[in-house]
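So the structure is just underneath, and the comments pick up after that.
The values are calculated or read from the model by the stated rules, or taken from the named source; none is laboratory data. These numbers come from a predicted model, not from an experiment. In this analysis, Cβ positions are derived from the backbone assuming ideal geometry, glycine residues included, and neighbour counts consider all displayed protein chains.
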Amino acid sequence: MLNKSKRFVVCFLFLIISTSLMSMTKVWVSWEGENFFRELCREWESETGERVELVYVPELEEKLTITLKAGGDMPDICLIKTDNLPVILEHVQPVNTSRIDDLDFNFDPKLVQAFHYQSNDYVFPFYADMQLMYLSTKIFEELGLVLPDNDWTFEEYLQIMQVINETDHQPCGWGINSAYIFTGLQSGLGSPLMDDKGKIHLITKENINLLTNFKKWYDAGLLFDYVNRPNIVKAFSKGELALFPQGSFLIQKFQSSGLDFVIRPLPQPWQSVIDPKGFILFNDSENTVSLLKIFLKATESFARDFIKYPATRPQNPEQIPFYAQMKKTIDNGIMQPIDDQYVFGYWPAMGTALDLILKEGVAVTEALEKAQAYIDQR
């Protein structure tokens, strides 16, 4: 049996430990910047005397889904993508951004709108990834081709590919059945993805014309189909592939590898699909809001270090590599749709339609009819 003095000490220590654990601010982050966020948390802990438990989650969507469905504890702050938001709102009610005061950040309106869902705002935008065109400076110099400027057009893009196609190099390639990249191509050169009522209509004259031409470009060898991203990167790195559209997350990896490349916005009117990330709060405690402000104040330095488009207007945009190209891409791009009809309908349906048209010889109209029927069932 413990005497009174020892019981008092044990209870006192238990109280201290319990209080410490209860006051800990929990944060989940994903994608780039794990060490960046850890350093910000250490600085905040040093300034406030509070504690942070930061968890880096490689498969954030999976962890969110499992935790939400199991009724598990959510973190105080979580970095999410736009398409994570509907899953979250099915199970819990996060903090509405209107409840947080003293956030004098000049957020980009397009990124704020990207997270606007069910007439509410729950997310503080932090940065955006996007699709850009990667060009091999080595191949362009070898062939005596002038690199296009940031305002190049789809006609120029076709002309460049036709010249390169006469050489031993592959003009352009990507995972052709990736409806993610094709979304922006359709939005720019075909029909708008959705009508005013949020419905998807694939069988239009504009879409039929686009896909008919797309097959011609593919059959002519202007577009090469790569099964997966590593194969694209390998071909580009070896000097076999001249151009390819892909996410901005590759920029830093290419720079680290010492590759000779430049970045351009996708040729107009091809639109980039913008992929924003932002912070969502599951409580508005003083500590949670205080740490959030630390993260948001670091937006520009994060964008500079990881080559991202910052969600707040940068004071020194010239210090962010490729900022001009990213800014133009944001201005001309479309935000990634998060509607169920797109995620579960258009995305798989259009990818299958492209395979049928390009590789199975199915007529464009027939493939679109099959895709539309699939979407309408969602």
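Give the residues of segment 134-168 that are of a type outside the set (A, V, I, L, M, F, W, C), outside any helix (DSSP H, G or I) and within 20 Å of residue 272 (Cα to Cα), sorted by residue number. Give the derivation first.
From segment 134-168, those of a type outside the set (A, V, I, L, M, F, W, C) are 134, 136-138, 141-142, 144, 148-151, 153, 155-157, 159, 162, 165-168; that's our starting set.
Narrowing the set further to residues that are outside any helix (DSSP H, G or I) leaves 134, 136, 144, 148-151, 153, 165-168.
Once the filter is applied, which keeps residues that are of a type outside the set (A, V, I, L, M, F, W, C), outside any helix (DSSP H, G or I) and within 20 Å of residue 272 (Cα to Cα), segment 134-168 yields 134, 136, 148, 149, 150, 151, 153.
Conditions tested, residue by residue: (1) closer than 22 Å to residue 84 by Cα; (2) of a type in the set (Ser, Thr, Tyr); (3) at pLDDT 95 or above.
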{"position": "301", "(1), (2), (3)": "no, yes, yes"}
{"position": "304", "(1), (2), (3)": "no, no, yes"}
{"position": "307", "(1), (2), (3)": "no, no, yes"}
{"position": "311", "(1), (2), (3)": "yes, no, yes"}
{"position": "316", "(1), (2), (3)": "no, no, yes"}
{"position": "323", "(1), (2), (3)": "no, yes, yes"}
{"position": "329", "(1), (2), (3)": "no, yes, yes"}
{"position": "337", "(1), (2), (3)": "yes, no, no"}
{"position": "345", "(1), (2), (3)": "yes, no, no"}
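Report, ordered by the first and then the second residue, all pairs with beta carbons closer than 8 Å, sequence separation of six or more or different chains, a first member in segment 239-254 that is under 17 Å from residue 172 (Cα atoms) and outside the structural domain of residue 304 (by TED's automatic domain parsing), and a second member that is part of a strand (DSSP E or B) and among the small types (Gly, Ala, Ser).
The qualifying pairs are 239/136; 241/136; 241/173; 242/136; 243/136; 244/173.
Here is a check on your reading of the model: is residue 328 assigned by TED's automatic domain parsing to the domain that holds residue 136 and part of a helix (DSSP H, G or I)?
Details: assigned by TED's automatic domain parsing to the domain that holds residue 136: no; part of a helix (DSSP H, G or I): yes.
Answer is no for this residue.
So residue 68 passes all but one of these: (1) at pLDDT below 95; (2) of a type in the set (A, V, I, L, M); (3) farther than 24 Å from residue 251 by Cβ. Which condition number does it fail?
Residue 68 satisfies every listed condition except (1).
Return the pairs, sorted by first residue and then second, in which the second residue is in a loop (DSSP other than H, G, I, E, B), the first residue lies in segment 257-271 and is over 13 Å from residue 150 (Cβ atoms), the beta carbons are less than 7 Å apart, and the residues are 6+ apart or on different chains.
Filtered contacts from segment 257-271: 271/333.
Looking for whichever is in the same structural domain as residue 300 (by TED's automatic domain parsing), in contact (Cβ under 8 Å) with a residue 12 or more places away in the chain and out of contact with any Lys or Arg (no Cβ under 9 Å at 6 or more places or on another chain) here; the options are 122, 157. Which one fits? Quick ask: steps written out before the conclusion?
Numbers: 157 fails: in the same structural domain as residue 300 (by TED's automatic domain parsing).
Only one candidate passes the filter, namely 122.
Only one of these conditions is not met by residue 343: (1) more than 18 Å from the chain's Cα centre (by Cα); (2) surrounded by fewer than 22 Cβ atoms within 10 Å (Cβ to Cβ). Which number is it?
Only one criterion in (1) more than 18 Å from the chain's Cα centre (by Cα); (2) surrounded by fewer than 22 Cβ atoms within 10 Å (Cβ to Cβ) is unmet by residue 343, namely (1).
From the list 37, 107, which residue is assigned by TED's automatic domain parsing to the domain that holds residue 331, touching a Pro at 6+ places or on another chain (Cβ under 9 Å) and surrounded by 15 or more Cβ atoms within 10 Å (Cβ to Cβ)?
Working: 37 fails: touching a Pro at 6+ places or on another chain (Cβ under 9 Å).
When all the criteria are applied, what remains is 107.
From the list 266, 259, pick out the single residue that is aliphatic (A, V, I, L, M) and modelled with pLDDT of 95 or more. Walk me through how you get there before you give the answer.
Details: 259 fails: modelled with pLDDT of 95 or more.
Only one candidate qualifies: 266.
Could you tell me whether any residue of segment 284-291 is surrounded by 22 or more Cβ atoms within 10 Å (Cβ to Cβ), part of a helix (DSSP H, G or I), touching a residue at least 12 places away in the same chain (Cβ under 8 Å) and over 19 Å from the mean Cα position of the chain (by Cα)? Don't jump to the end; show me each part of the working.
In the first step, residues of segment 284-291 are kept if they are surrounded by 22 or more Cβ atoms within 10 Å (Cβ to Cβ); the result is 291.
Filter again for part of a helix (DSSP H, G or I), leaving 291.
Among the residues that remain, those that are also touching a residue at least 12 places away in the same chain (Cβ under 8 Å) are: 291.
Now narrow it down to the ones that are over 19 Å from the mean Cα position of the chain (by Cα): 291.
Yes, that holds for at least one residue.
Can you find, within segment 137-171, the residue that is surrounded by the most Cβ atoms within 10 Å (Cβ to Cβ) among those that are among the acidic types (Asp, Glu) and within 30 Å of the chain's Cα centre (by Cα)? Walk me through how you get there before you give the answer.
Our first condition is that a residue be among the acidic types (Asp, Glu); within segment 137-171, this holds for 141-142, 149, 151, 155-156, 166, 168.
Right, trim to within 30 Å of the chain's Cα centre (by Cα) and you get 149, 151, 155-156.
On the way: 149: 9, 151: 12, 155: 10, 156: 14.
Looking at residues that are among the acidic types (Asp, Glu) and within 30 Å of the chain's Cα centre (by Cα), I get 156.
Pairs needed: first member in segment 191-214, closer than 18 Å to residue 337 by Cβ; second member anywhere, among the β-branched types (Val, Ile, Thr); C-beta distance under 6 Å; at least 6 residues apart or different chains.
Close Cβ pairs satisfying both conditions: 191/204; 194/200; 200/375.
Condition first: in a loop (DSSP other than H, G, I, E, B) and either under 21 Å from the mean Cα position of the chain (by Cα) or among the acidic types (Asp, Glu) (or both). Now tell me which residues in segment 89-117 satisfy that. First the steps, then the outcome.
If we filter segment 89-117 for residues that are in a loop (DSSP other than H, G, I, E, B), which is where we start, we get 90-96, 100-106, 108, 115.
Within segment 89-117, 90, 101, 102, 104, 106, 108, 115 meet the criteria.
Take the residues in segment 358-372 that are among the aliphatic types (A, V, I, L, M), over 28 Å from the mean Cα position of the chain (by Cα) and not in a loop (DSSP other than H, G, I, E, B), then tell me which one is surrounded by the fewest Cβ atoms within 10 Å (Cβ to Cβ). Steps first, answer last, please.
The initial filter retains those residues of segment 358-372 that are among the aliphatic types (A, V, I, L, M), namely 358, 362-364, 367-368, 371.
Now drop any that are not over 28 Å from the mean Cα position of the chain (by Cα), which leaves 362-364, 367.
Filter once more, keeping what is not in a loop (DSSP other than H, G, I, E, B): 364, 367.
On the way: 364: 20, 367: 22.
Looking at the filtered set, the residue picked out is 364.
Which condition number in (1) surrounded by 18 or more Cβ atoms within 10 Å (Cβ to Cβ); (2) assigned by TED's automatic domain parsing to the domain that holds residue 88 is the one that residue 267 fails?
The single condition residue 267 does not satisfy is (2).
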